[in-house]
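Structure first, then comments.
The values are calculated or read from the model by the stated rules, or taken from the named source; none is laboratory data. Computed from a predicted model, the values in this text were never measured in an experiment. Cβ placement follows ideal geometry from the backbone for every residue including glycine, while neighbour counts extend to all protein chains displayed. Surface areas here come from the heavy atoms of the whole protein model, side chains and all, with no ligands, DNA or RNA. Shrake-Rupley method; radii C 1.70, N 1.55, O 1.52, S 1.80 Å.
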Amino acid sequence: MFINWALGEINLKIVYYGAALSGKTTNLQFIYARTPANLRGRLISLKTQQDRTLLFDFLQLEIGKVANLKPKFKLYTVPGQVYYAASRRLILQGTDGVVFVVDSQAGRMAENEESWYTMEQHLIELGYDLNTFPIVVQFNKRDLPHALSVQELRRHLPIEGRPCFEAAAIKGYGVFDTLKASMNSVVAAVRRAV
Amino acid sequence: MSRSSIVLSPAHLTAIQNLLAQLGQQADVRCAFLGDLSGQELASWEGRAQLDVSSLAALAAGDLMATMEIAQLLGGKRTCNLIVQEHDDMTILVSRVGEGLFLLLATAKDVPLGWSRLAIKRSAERILALVGKAAMTPPPAAVNDDFVRNFAAHLDNIW
C-alpha cells in the first residue's frame, strides 16, 4: 500500500495466484476488455515465446473518486509453473490481497494444493498474518465437463471462512464478482490497518 | 521480516519531487523516478516525456527484484544496489534506496556513466533521509467506515 495524501491517492496491490494454466491471465484479460478505458491502464504481459507468463501480467485500475480519495489498484498475476517459485515470491512482496485461482478440473487438484501451500509459505516468509490477510478464492473453469463439485474442491483446500466464487473466466462469468470481493476485502483490511 | 507501509506527507513528497527535478536539470536526464519494490510509484520527474509511470514502476521493481534473485541463486546475498543498462540511445540506472525503495535514472547516452552513478547514489541517500522521517508520520484517518461503504457502492456502479 502506498498512500499519497497530497494527491489523495491510495495505491493498492492485488495478486492473482494459482497453478499453471488455472486462468489467472485470462481473468486480467477479461477485466481489461470490459473496463472503461478511462479507468484502466495498459495490460502489460511479460510472456515466454510459448505465450506463457514469464514474470507477471500487470494492469492498473483507477476507480475514480470515493469520499475524496482516489483508490488505485495494481493487479498482478504470477507465473504458475512450478519452476518459477522465485518469481512468484517477489511478485507477492508488498501485496495487499490475493485472488487464488483454482482450476476446477478433476486432474488438477494436486497442482492446486501445491500452489496453495507455496503461496502460504511465501506470505508467511514475507511477514503476513494469514489469519487476517485478505485472500479471495475463485473456482475457475466451472464450464468444463470434468470440473469437480465445489464441495469437493473445498474439501481439498484449507479455505474455510474465505470468500469463494465460481467462475468461467474465459467467458467472463464470475470474474468481476471475484475482483469486487477482493477489492472490498482489501479496502476493509486497509480500514483496519489505519 | 515485517511489513511496512509508506505514508508521505505532502511536504515530504514535494521535497522528493524537487530533488528529482534538480537531478533532471543537471544533465540530459530523460526521467528520474522513485518507486517501491512492490511496484508502487511514489514520485517522478519526467522531463519532456509523458510516461506511463504505473507500468514503469511495476517493471522496474520486477527487474530489480529479479536481479536480486539471480544473485541469490548464484550464491550471493539479495543486496543488489545498482543495475546499469546501456541501451543504444540512453543509459538507465536503477538503484536501491534503503530496503524497500528504488530510484530509476534514465539519461542520454552521452551523459558520463560516472556522473550518473554518483548522482543516483547521492540522490538515493538524500531520499532515504527524507523517507525515513516520512515513515514516522501517522496517516490521517481518512479511510473510515463511510469510505468502505461508499467504495463498495462505487464498484457496483462500474461493473
| Over 19 Å (Cα to Cα) - which of A:LYS47/A:LYS171; A:LYS65/A:LYS180; A:LYS13/A:LYS171; A:LYS24/A:LYS171; A:LYS13/A:LYS72 fall in this group | A:LYS47/A:LYS171; A:LYS13/A:LYS171
| remark: Once A:LEU144 and A:ALA6 are pulled to full extension, the length gained, defined as 0.36 nm per residue separation minus their Cα-Cα distance, is 44.8 nm
| message | Testing the spin-label approximation: label points 7 Å from Cα along Cα→Cβ at B:ASP89 and A:ASN68. State their distance in nm. | response | 4.4
| note | The Cα extents of the stretch A:104-149 along the principal axes, largest first and rounded to whole Å, are 39, 18, 11
| query | Quick one: of the DSSP bridges fully inside the protein assembly as shown, what percent are antiparallel, nearest 5? | reply | 60
| task | Order the peptides B:41-50, A:132-141 from the highest to the lowest mean number of other Cβ atoms within 10 Å of their residues. | result | A:132-141, B:41-50
| request: Tabulate in residue order the Karplus-calculated ³J(HN,Hα) for the stretch A:65-74, using 6.51 cos²θ - 1.76 cosθ + 1.60 with θ = phi - 60°, rounded to whole Hz; enter x for Gly and Pro. | output: 7, 10, 6, 6, 10, 10, x, 10, 10, 9
| With N residues in chain A, what two-decimal value do you get for its Cα radius of gyration over 2.2 N^0.38 Å? | 0.98
| task | Could you check the simple spin-label distance between A:ALA33 and B:GLN25, using points 7 Å along Cα→Cβ, in nm with one decimal? | result | 4.9
| remark: Length gained if B:TRP159 through B:GLN72 is fully extended, taking 0.36 nm per residue and subtracting the Cα-Cα distance, is 27.1 nm
| note | Restricting to Cα pairs under 8 Å and 6 or more apart, the percent relative contact order of the stretch B:30-96 works out to 21
| message | Given a Förster distance of 51 Å, report the FRET efficiency between A:GLN50 and B:ASP110 from their Cβ-Cβ distance, rounded to the nearest 0.05. | response | 0.80
| field | Over the stretch A:41-194, relative contact order from alpha-carbon pairs under 8 Å, at least 6 apart, % | value | 17
| remark: Non-local residues with an amide H under 5 Å from the amide H of A:VAL101, with H modelled 1.01 Å from N and Pro and chain starts lacking one, are A:TYR17, A:GLY18, A:GLN138
| field | Centroid-to-centroid separation of the stretch A:7-67 and the stretch A:140-160 [C-alpha atoms, Å] | value | 24
| said: Among B:ALA106, B:LEU74, B:LEU118, whose Cα projects farthest towards the positive end of the dipole of the stretch B:41-159, with charges put on the beta-carbon of Lys, Arg (+1) and Asp, Glu (-1)? | reply: B:LEU118
| note | Rounded to the nearest 5, the percent of antiparallel DSSP beta bridges in the stretch A:1-102 equals 50
| request: Sort largest first and round to whole Å: the equivalent ellipsoid semi-axes of the stretch A:6-54, each the square root of five times a Cα gyration tensor eigenvalue. | output: 24, 14, 11
| query | Leaving out same-chain residues fewer than 8 places away, which lysines sit with a Cα under 22 Å from that of B:LYS121? | reply | B:LYS77, B:LYS109, B:LYS133
| request: Taking the Cα centre of the stretch A:91-167 as origin, sum charge times position over the Cβ atoms of Lys and Arg (+1) and Asp and Glu (-1), and report the length of that vector in debye to the nearest 20. | output: 260
| message | Projecting each Cα onto the charge dipole of chain A (Lys/Arg +1, Asp/Glu -1 at the beta carbon, about the Cα centre), which of A:ALA168, A:PHE73, A:ASN140 comes out farthest on the positive side? | response | A:PHE73
| message | Could you give the length gained by full extension between A:ALA85 and A:LEU21, i.e. 0.36 nm per residue of separation minus their alpha carbon distance, to one decimal place? | response | 21.5 nm
| message | Past the 25 angstrom mark, what percentage of all C-alpha to C-alpha distances in the stretch A:93-194 do you count? | response | 19
| How are the Cα pair distances of the protein assembly as shown distributed, in percent, across 10 Å bins from 0? | 5, 24, 33, 24, 10, 2, 0
| Accessible area (Å², per residue) of chain B, counting only protein heavy atoms and a probe of 1.4 Å | 50
| field | Cross-link reach list, aspartates and glutamates versus A:LYS70, counting only Cα pairs under 17 Å and skipping chain neighbours closer than eight places | value | A:GLU9, A:GLU62, A:ASP96, B:GLU41, B:ASP145, B:ASP146, B:ASP156
